[in-house]
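Okay, so here's the structure we're looking at.
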Amino acid sequence: MNAKEKEKLFRLWKFFAWMDDARQGLKENDKWIDKWHRCVINKAWKLCDLNDDADDLTSADMVLAHWLTYIFDYQMPTEDVWNKIFPIMAYMAFRFRKGDTYTKIIDEHIFQRDNNFEFRLCKKGEFSFKHRFGGKHGLNRMVKKTLKELEGYGKSLVAFMLEKSNNAAEHEWVRTLYGELYTLTSV
């Protein structure tokens, strides 16, 4: 094995180590990030009088919540996007894993507003998010398609990524996974 092949193998190993950490839980030095996320989530969930606790989120829930939030992270201040929609996406990921279908989640958390869509954590509308290009770019459809496709992978983005990268050629796994994630979400 030459040096270039060893480097590719090492990068592949690092990726799967990260995926394993996501499945098993966060590393000790990453726990402060996890605690901050859970604090933001709990604050939002309490505003909506939800009885669930962010401590019940699994690492796989957090990975899915991050991916769903990432869909919205453009053309708006990052802080607004992550502080407002991440708790909504975390709740959607939590409910998804707990057994709710993607259609039930979509019906209860996404509402048409003029030519746009509003994502709500609760029916009261106290905690909501509307992306300025959400309707034009079909962000609601991206979330719906992602959740619908993940039903075939145990409702887990981690399982999806592991399966899709499993048979990729050694020198193509990053490109392969990128293409699969793009296909998963794009409409």
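If only residues of segment 67-102 that are closer than 18 Å to LYS145 by Cα and among the aliphatic types (A, V, I, L, M) are counted, the one that is surrounded by the fewest Cβ atoms within 10 Å (Cβ to Cβ) is ILE71. Contact map, segment 86-104: first residue within 10 Å of LYS155 (Cβ to Cβ), second residue assigned to a loop (DSSP other than H, G, I, E, B), Cβ cut-off under 6 Å, separation 6 or more or different chains; pairs are PHE96/LYS155; ARG97/LYS155. Does ILE105 qualify as being surrounded by 15 or more Cβ atoms within 10 Å (Cβ to Cβ), modelled with pLDDT of 90 or more and in a helix (DSSP H, G or I)? Spelling it out, ILE105 is indeed surrounded by 15 or more Cβ atoms within 10 Å (Cβ to Cβ), modelled with pLDDT of 90 or more and in a helix (DSSP H, G or I). Among the residues of segment 108-131, some residue qualifies, meaning at least one is modelled with pLDDT of 90 or more, in a helix (DSSP H, G or I) and surrounded by fewer than 17 Cβ atoms within 10 Å (Cβ to Cβ).
Under the condition of being among the hydroxyl-bearing types (Ser, Thr, Tyr) and touching a helix residue (DSSP H, G or I) at 6+ places or on another chain (Cβ under 7 Å), the residues counted in segment 59-90 number 2.
If you go through segment 47-72 and pick out every residue that is more than 12 Å from the chain's Cα centre (by Cα) and under 21 Å from PHE111 (Cα atoms), you end up with 4. Residues in segment 109-153 that are in contact with a strand residue (DSSP E or B) (Cβ under 9 Å, 6 or more places away or on another chain), among the aromatic types (Phe, Trp, Tyr) and either touching a residue at least 60 places away in the same chain (Cβ under 8 Å) or more than 19 Å from ASP49 (Cβ to Cβ) (or both): 3 in all. Scanning segment 132-156 for residues that are on the phi > 0 side of the Ramachandran plot and crowded, with 18+ Cβ neighbours inside 10 Å gives a single hit, LYS155. Screening ARG95 with (1) more than 24 Å from ASP56 (Cα to Cα); (2) of a type in the set (Lys, Arg); (3) in a helix (DSSP H, G or I) gives one miss only, at (1).
The values are calculated or read from the model by the stated rules, or taken from the named source; none is laboratory data. Small disclaimer: the values here were computed from a predicted structure and weren't measured. Using ideal geometry, Cβ is built from the backbone for each residue, glycine included, and neighbour counts are taken over all protein chains shown.
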